[in-house]
Amino acid sequence: MHAVTDWLRGLSGPVVYAVVGALVFAEDALFFGFVLPGETAAVLGGLLAHQGKVSLGLMVLVVVAAAILGDSTGYEVGRRFGPSVLRTKALRRHADRIEGAQDLIRRRGPVAVLLGRFVAFFRALMPALAGVSRMPYPRFLLFNAIGGVLWGVGFTLLGYFAGSAYSRVEGAVGRSLAIAVAALVVVGLLVWHFRRRRDGRRRNGQRDRHDDDGGPPSAA
């Protein structure tokens, strides 16, 4: 990622916005997330904003807009081309995970679009699956927009504040240790985030099994 950051830093401000926005957009619209996850681009955008290369506010807007537009494009691809999208060469090797994503849509409906935004594989695939399942677009767009805002703001700020930690430590103890501390900050936040999501899914699964066994309905 350091090499990509150096390359982006050498570009002009408008080009940086365009590159970051294109990477975020392509992840959801074209399954590009299998090559470079969109959160990597968002974190890099936040890091460059901290370094003064671009505006933080504008970078957040670019990332959020690209996420929402990319999802909408992925939805349209799935709606127009149907299940044949899932039989492409790039996706055939992921049949089990695709089935898991389809099951999530069947059980959670549009909420799956929101939840999928925070898991790299699902984020690249969920919009197309929503289109294949003929989910009503207004409902899809609502949860797509909520997820895009939460995800775009969160990961861009993650890069920005990781950059802040990097700068403070670098001035005190040197470049190598600063890189290590910044990496630990990013990894720690990501681990915390995904553990919370895993625990939430586990609790939801237990509730679903309890309801299926004829237990009292769970609280809304």
Of all residues in region 119-144, count the ones that are of a type in the set (A, V, I, L, M, F, W, C) and open to solvent by less than 30 Å² (accessible area, probe 1.4 Å). 9
Could you tell me whether region 66-74 includes any residue that is open to solvent by 40 Å² or more (accessible area, probe 1.4 Å) and under 22 Å from ALA124 (Cβ atoms)? yes
Consider LYS53 against the criteria (1) among the charged types (D, E, K, R); (2) modelled with pLDDT of 85 or more; (3) under 26 Å from GLY116 (Cβ atoms): it satisfies all of them except one. Which criterion is unmet? (3)
Looking at region 38-59, I want the residues that are assigned to a helix (DSSP H, G or I) and have a partner that is acidic (Asp, Glu) with Cβ atoms under 6 Å, at least 6 apart or on another chain. Which pairs are those? GLY38/GLU27
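Confirm whether SER84 is modelled with pLDDT of 85 or more and surrounded by fewer than 24 Cβ atoms within 10 Å (Cβ to Cβ).
No: the conditions fail for SER84.
The values are calculated or read from the model by the stated rules, or taken from the named source; none is laboratory data. Please read these numbers as outputs of a predicted model, since none were measured by experiment. Every residue, glycine as well, gets a Cβ built from its backbone with ideal geometry; the counts of neighbours run over all protein chains shown. The protein model used for the area step is the full one, side chains on, heavy atoms only, and it has no ligands, DNA or RNA in it. Shrake-Rupley method; radii C 1.70, N 1.55, O 1.52, S 1.80 Å.
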